1. Could you list, in sequence order, all residues of segment 288-318 that are of a type in the set (Gly, Ala, Ser) and within 12 Å of the chain's Cα centre (by Cα)?
2. Please specify each residue of segment 257-273 satisfying the condition of being open to solvent by less than 10 Å² (accessible area, probe 1.4 Å) and either of a type in the set (Gly, Ala, Ser) or not in a helix (DSSP H, G or I) (or both).
3. Given the condition over 30 Å from ARG197 (Cα atoms) and touching a His at 6+ places or on another chain (Cβ under 6 Å), answer yes or no: does some residue in segment 273-287 qualify?
4. Being crowded, with 17+ Cβ neighbours inside 10 Å, closer than 27 Å to PHE308 by Cβ and over 21 Å from the mean Cα position of the chain (by Cα) narrows it down to one of LEU209, LEU168, LEU189, LEU193, so name that one.
5. Kindly indicate whether LEU334 is open to solvent by less than 20 Å² (accessible area, probe 1.4 Å), assigned to a helix (DSSP H, G or I), modelled with pLDDT of 95 or more and within 30 Å of LEU41 (Cα to Cα).
6. Looking only at segment 15-33, decide whether some residue is at pLDDT below 70 and in contact with a His (Cβ under 8 Å, 6 or more places away or on another chain).
7. Which one of PHE158, PHE134 is in a helix (DSSP H, G or I), within 23 Å of the chain's Cα centre (by Cα) and buried (at least 20 other Cβ atoms within 10 Å of the Cβ)?
8. Just to check your reading of the model, which residue among ARG150, ARG214 is charged (D, E, K, R), more than 25 Å from ILE86 (Cα to Cα), assigned to a helix (DSSP H, G or I) and modelled with pLDDT under 95?
Amino acid sequence: MFRLTRILRQILADPPFGGAEVPLESIVPAIPTAPVVVWNLIRRCNLECLHCYSSSSGRHFDGELTTVEVFGVLEDLRGLGVPALILSGGEPLLRPDLFEIAKRAKGMGFHLALSSNGVLIDAVAAGRIRDAGFDYVGVSLDGAPARHDRMRGKAGAFGEALTGLSHLRQLGLNTGIRFTQTSENVGDLPFLLELMRNEGIERFYLSHLNYSGRGAALRSEAPSMEAVRHNLTQLFDLALLDAQSGSRREMVTGNNCADGPWLLRWVEQRLPERRHRAEALLRAWGGDASGVGIANIDNRGNVHPDIFWWNHTLGNVRQRPFSAIWRDNDDELLVGLRQRPRPVKGRCGGCQYLPICGGNTRVRAHQLTGDPWAEDPGCYLTDEEIGWSGGG
């Protein structure tokens, strides 16, 4: 995750690094002692979204963890020091014990987020979400109403999701929009940003398309490089205004760590006196956190490097504790993801921004080539911009 607004606030802070410059070559991203865990508690869903990474549907999926098993995993995660949980699905509100699980997790001290499509959040559900102690609720919107409904496979889904967000905000809950951009909806970003402003929504998360689940079939629907660059620049400009004005609104992006280098190039144009500070902060961020700062547990207890790596399982919490799985140094992919620099090839290996983006999103490379260390086909920077002349 690329916390754009937070990074811009740090770039603007005075005096930069207490007045002293930090040697860039000395900056290596720290490996967290424990990751944020995205937990797909259920795979069943009330919608069938075109880009769903878990290929969820309306049917029941066998073998899901029981309430007692979930409670046991929570104890292990807390013992490891996991700071935050994102409870997801499918649609997590379809799981009967969701609020029991949430209350247990909140009582143990986790920062708790809910990822939902918003359709099932009526006034009663919103109250239960608040009472369970959720710190944040993210709802996915795919653009203007008709487009959202088509991509979600349900007429009226946009209006129902927006109503759900309204119920949550009326109760004082922190809410956010998640937008996965494709070639079809990439032009709807201004509409959603205006909606965010009008509705008083606190966070906007722009997610780049990743090739996993049903999203793997949408590779040809990835937006053009020019459209991606245009949207990111819009987001950077708005986030700068927010950072300068002291607005609490937050802009975040995900699933394409070229956003870091693109921000650095933007800073060079807009805030040239802050260029060194920006590069230092971006190097400290370090790019893709798969297998490092983020982990995933699916509905059957399988552990993955992140939510898009369901084709690679590190272990199962029914057979070994998550803490043991996460500390295991025998999995070659996990070892490679934690290596700095990562053993990436092609454009990624020869890129001048490798210390910032970390080699970008490895699962996209794997889906297209079968090699997790091949260059990321989702990078939207040119060869000239990354200093790549081919070969090597």
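The values are calculated or read from the model by the stated rules, or taken from the named source; none is laboratory data. Since the model is a prediction, treat every value here as computed from it, not as a measurement. Glycine also receives a Cβ, built like all others from the backbone with ideal geometry; neighbour counts cover every protein chain displayed. Ligands, DNA and RNA are excluded from the accessible area calculation, which covers all protein heavy atoms including side chains. Shrake-Rupley method; radii C 1.70, N 1.55, O 1.52, S 1.80 Å.
1. Within segment 288-318, ALA289, SER290, GLY293, ALA295 meet the criteria.
2. The answer is ALA258, GLY260.
3. no
4. Sole residue among the options that is crowded, with 17+ Cβ neighbours inside 10 Å, closer than 27 Å to PHE308 by Cβ and over 21 Å from the mean Cα position of the chain (by Cα): LEU168.
5. yes
6. Yes: one or more hits.
7. Step by step, each of PHE158, PHE134 is checked, and only PHE158 is in a helix (DSSP H, G or I), within 23 Å of the chain's Cα centre (by Cα) and buried (at least 20 other Cβ atoms within 10 Å of the Cβ).
8. After applying the criteria, what remains is ARG150.
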